[in-house]
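Below: the structure, in C-alpha cells.
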Amino acid sequence: MPGEIESEVLLLGGTANRGRVVRVGDTVRRPQRASSPATHALLRHLADVGFPGAPRFLGVDEQGREVLSYVAGTAITPPYPAWALTDAALVSVAHLLRDYHRAVSTFDPTSLPWPPSPPAPFAGELVSHNDVNLDNVVFRDGRAVALIDFDLASPGCRVWDVACAVRLWAPLRPDRFIDDSRRGRALARLRLFADGYGLPGADRERLVTAVRQNHEWSYDIVGTAAANGHAGFADYWTGGTRERAERTRQWYLDSGDRLRTALL
C-alpha cells in the first residue's frame, strides 16, 4: 500500500557492526563512522566508472544511517556451503578483486578521512578493500559478483588485498585449523588465486611477506577493539582466536619457503 513503512530485516555476518546492519526493501542501512565520507566517495567513484561489483551509496536516512543499495545474492557465512569452497569459487573471487582494482585505480583518495592504512611498503598505490573475508563477498550462481563492507578500505595496494583474500579463502593456516574440503590444499589454492588474479612475478615474492603482515595487522585490529570493550570482537578474541592467530603467525614464519615455491 502507498505510504506503508517497510520492515527492517537484520542481516547476519560481520563482527564490527553485528546486530546493527539491516535490510529495508532494496536498501541496506548501516551505522556511520568517522571515515564514512571517504567510503561514500569511494562508492560514488565505483558507480561513476560503471563497476557493478559494489553497493551504491544512496544517502543518509532519518536515523543518521548510511543507505546503500542491497546487493542480491549470497554472502558466505558459517556453515560454509560446499560450492563456496571450490576452486571455481576461489578463482571467481580473484577475478572480482582484479576488476575492483582496475576500477579503483583512477580514484583520488587524498584529503579524505580514511581508516588506518596498511603498513609500509603496502600503502599508497590505490584504495584497497582490506577485508576480503568470506562474508564480504556476494555470490550469484556460484560466482563472486560483488564486494561489500568497505569500512576498512583505505590507501593500500593490490598485493595487500590479494594477501588478505588468499589468506582467508585458500585458507593459509595450519591444517589443524581447517576442517573442510580445503584442508591439505592451501598451497595449491594459493597458486590458483595468484594465477587467477594475474599477479606479476615481482609481486609474488612480496605476497609472502604481505600475507604475514596482513595477518598481524588484521588481528591487531581485533585485539585492540576487544581491549577497548567491543563486545563482538571480545567474544571472537576470547573464543580461542588468540591462540590460533599466534600459531598461524608462526606457521607463516616456518613456511615462507614453501609459500614462495608454490607461487613459482
Quiz prompt | Against the rule of thumb 2.2 N^0.38 Å, how large the Cα Rg of region 56-176 comes out | solution = 1.12
Quiz prompt | Translational diffusion of region 74-263, µm² s⁻¹ [Kirkwood Rh, Cα pairs; Stokes-Einstein; 25 °C; 0.890 mPa s] | solution = 145 µm²/s
Quiz prompt | Span from the region 134-164 Cα centroid across to the region 206-224 one, whole angstrom | solution = 16 Å
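For Cα pairs less than 8 Å apart in space and 6+ apart in sequence, what is the mean separation divided by the residue count of region 9-69, i.e. the relative contact order in percent? Walk me through the numbers before you get to the answer.
Details: 76 pairs, mean separation 17.6, N = 61.
Computed value for region 9-69: 29 percent relative contact order.
Where does each of 40-47, 251-258, 168-175 land if you order them by average Cβ count within 10 Å, highest first?
Ranked from most to least packed, the peptides come out as 168-175, 40-47, 251-258.
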Quiz item: Which of Val137, Val60, Val162 moves most in a GNM of the chain, Cα contacts under 10 Å?
Solution: Val60
Quiz item: Roughly how tilted is helix 242-254, in degrees to the nearest 10 and between 0 and 90, from the longest Cα axis of the chain?
Solution: 40 degrees
Practice problem: Please give the contour-minus-distance gain from Trp83 to Leu264: 0.36 nm per residue of separation, less the Cα-Cα distance, rounded to one decimal in nm. | Solution: 62.4 nm
Quiz prompt | At R0 = 45 Å, FRET efficiency that the Cβ-Cβ distance of Leu253 and Arg20 yields, to 0.05 | solution = 0.75
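All of the numbers you see were taken from the coordinates with simple rules; none came from a lab. Quick caveat: nothing in here was measured; it's all calculated off a predicted structure. Quick reminder, even Gly has a Cβ in these numbers, built from the backbone with ideal geometry, and neighbours come from all protein chains shown.
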